[in-house]
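The structure appears right after this line, and notes come after that.
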Amino acid sequence: VHRLAYTDVEAEARRLLLDWAYARGYTAALDDIGNMFIRRPGGDAAAAPVLSGSHMDSQPKGGKYDGIYGVLAAFEVLEALDDAGIRTKRPIEVAVWAAEEGGSRYLQGCMGSQVYVDPGKLESMQRNVDAQGVSVADAVRAFRAKLPDLPKRALNAPVSHFIEGHIEQGPILQATGNTIGVVTGIQGARYFQVDVVGDAAHAGTTPPSQRKDAVKAAAAMITALHQMMQDDSDVVRFTIGHLDVTPNAMAVVPGQVGFTIDFRHPDEAFLTRMGDLFQAVCDEHAGPCSVKVTQVRRGALIKFEGLVPDTIHDASTRLGYRTMRIMSGAGHDARYLAGVCPTGMIFVPCDKGISHNEVEAATPADLAAGARVLAEVLVALAQS
Ligand SMILES: [Zn+2]
């Protein structure tokens, strides 16, 4: 699946879902950042809706389940409620959050859910541009033009609860033989940009004593950082996944290197302590170059507690599924919704924990189990 945020392919996917929604008589709306909502009315039209969903965009050459599973599971619940003749007090809405995988196009993830809960972020988000120079504002405008029948919906409209179904994207459920993961929270994360500056020079004429080789310095820093992050308990998540070399030419001593650090851990104190050492470690290995470590963003540890996870746990055990509580290693839209309403997530196993990869796989039985639990939870919450 190669369905990047706001592209024609994503619009086509949204269109297909809308066709199914209209056939059931549901209404739909689109907000200013491209989040889409499909609504099954409740008995109390004034009551805030229960939301459930995830995202339809994917990473480049991503998997078939990441995101879209949570959207289709929620939609399946709406249809099942119709078929079973169940009415709820609150409306239930399928939420399709925009640009959850926006990082692959705009170096920023969960764009839609972030703006939904904090409309003050809309303008700065709209100014982001992709590698082709297309701004988010222009991408959303073009996207809306492909879905012209959708009325506008206000950002930050009240939500009573949010539940996101998702594949685990990790190996724990499968390895422990569990079918349902009741997500207890999302681990904290710190994201850094490291800029190493040396001097570009001729590769054939410049003697070693006069070089300021930014790749040589960056390589030493990266090795040292990885050594520092070595973790026998297997909990630390430390990734240097993006490098820019300037001028990136074979016959030129590299003058500049930029690299990213993605650092996640369930213990906030550890994230603080270790992340605060990055500048010193890089300085120590910079040689004749200079280096600046900048924290781009920090995502706090989010805990899902109380009614929503407890309702998920009760429903899953009542249905007879092997159930465990589990911390999410990956970020999700639920991270942001947790700031405005009681929130929870349902994880189902994915094969070997592989995700953001074409081989991503999950079994029909596990996916159906997650949808059944979701149905129980949505009905319980929509009657409250
Ligand atoms: Zn996802």
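The values are calculated or read from the model by the stated rules, or taken from the named source; none is laboratory data. None of the values given here were measured: they were computed from a predicted structure. Cβ placement follows ideal geometry from the backbone for every residue including glycine, while neighbour counts extend to all protein chains displayed.
Laid out as a table, the results:
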{"read-out": "Region 198-232: number of residues that are in a helix (DSSP H, G or I) and within 23 Å of Phe270 (Cβ to Cβ)", "value": "8"}
{"read-out": "Test: residue in region 288-305 that is hydroxyl-bearing (Ser, Thr, Tyr) and assigned to a loop (DSSP other than H, G, I, E, B)", "value": "no"}
{"read-out": "Residue that is nearest to the ligand (Cβ to nearest atom) [pool: residues in region 359-368 that are in a loop (DSSP other than H, G, I, E, B) and over 17 Å from the mean Cα position of the chain (by Cα)]", "value": "Ala362"}
{"read-out": "Residues of region 177-235 satisfying the condition of being farther than 30 Å from Lys303 by Cα, touching a residue at least 40 places away in the same chain (Cβ under 8 Å) and of a type in the set (Gly, Ala, Ser)", "value": "Gly198, Ala200, Ala201, Ala203, Gly204, Ala214, Ala217, Ala218, Ala220, Ala224"}
{"read-out": "Filtered residues of region 157-169 (kept if within 16 Å of the ligand (Cβ to nearest atom) and assigned to a loop (DSSP other than H, G, I, E, B))", "value": "Glu168, Gln169"}
{"read-out": "Test: Gln126 is within 16 Å of the ligand (Cβ to nearest atom) and not small (Gly, Ala, Ser)", "value": "no"}
{"read-out": "Selected residue (criterion: nearest to Leu367 (Cα to Cα)) from residues of region 43-77 that are more than 11 Å from the ligand (Cβ to nearest atom) and among the β-branched types (Val, Ile, Thr)", "value": "Val77"}
{"read-out": "Filtered residue count, region 316-335, keeping only those that are touching a residue at least 60 places away in the same chain (Cβ under 8 Å) and more than 13 Å from the ligand (Cβ to nearest atom)", "value": "8"}
{"read-out": "Some residue of region 209-231 being more than 16 Å from Val293 (Cα to Cα), of a type outside the set (Lys, Arg) and at pLDDT below 95", "value": "yes"}
{"read-out": "Qualifying position, being more than 16 Å from the ligand (Cβ to nearest atom), without any contact (Cβ under 8 Å) to a residue 24 or more places away in the chain, more than 30 Å from Met221 (Cβ to Cβ) and of a type outside the set (S, T, N, Q), among Ala145, Ala154", "value": "Ala145"}
{"read-out": "Index of the failed condition, Leu374 passing every other in (1) touching a Pro at 6+ places or on another chain (Cβ under 9 Å); (2) within 16 Å of the ligand (Cβ to nearest atom); (3) not hydroxyl-bearing (Ser, Thr, Tyr)", "value": "(1)"}
{"read-out": "Region 233-256, residues that are acidic (Asp, Glu) and either more than 15 Å from Phe270 (Cα to Cα) or assigned to a strand (DSSP E or B) (or both)", "value": "Asp244"}
{"read-out": "Residues being within 16 Å of the ligand (Cβ to nearest atom) and not in a helix (DSSP H, G or I) - total across region 336-358", "value": "14"}
{"read-out": "Condition check for Ala338: over 19 Å from Gly170 (Cβ atoms), touching a strand residue (DSSP E or B) at 6+ places or on another chain (Cβ under 7 Å) and crowded, with 19+ Cβ neighbours inside 10 Å", "value": "yes"}
{"read-out": "Answer residue from region 38-92, given it is charged (D, E, K, R), within 18 Å of the chain's Cα centre (by Cα) and surrounded by fewer than 16 Cβ atoms within 10 Å (Cβ to Cβ) and is modelled with the highest pLDDT among those", "value": "Lys64"}
{"read-out": "One residue from Val291, Val308, Val296 being more than 18 Å from His161 (Cα to Cα) and either at pLDDT 95 or above or touching a Cys at 6+ places or on another chain (Cβ under 8 Å) (or both)", "value": "Val291"}
{"read-out": "Residue list for region 1-29, restricted to those being surrounded by 15 or more Cβ atoms within 10 Å (Cβ to Cβ) and in a loop (DSSP other than H, G, I, E, B)", "value": "Val1, Arg3, Leu4, Ala5, Tyr6, Thr7, Tyr26"}
{"read-out": "Candidate set from region 94-121 (those that are modelled with pLDDT of 95 or more and touching a Leu at 6+ places or on another chain (Cβ under 7 Å)); member that is surrounded by the fewest Cβ atoms within 10 Å (Cβ to Cβ)", "value": "Pro119"}
{"read-out": "Among (1) at pLDDT below 95; (2) surrounded by 15 or more Cβ atoms within 10 Å (Cβ to Cβ), the one test that Ile163 misses", "value": "(1)"}
{"read-out": "Residues of region 126-149 classified as surrounded by fewer than 17 Cβ atoms within 10 Å (Cβ to Cβ) and either outside any helix (DSSP H, G or I) or at positive phi (or both), total", "value": "9"}
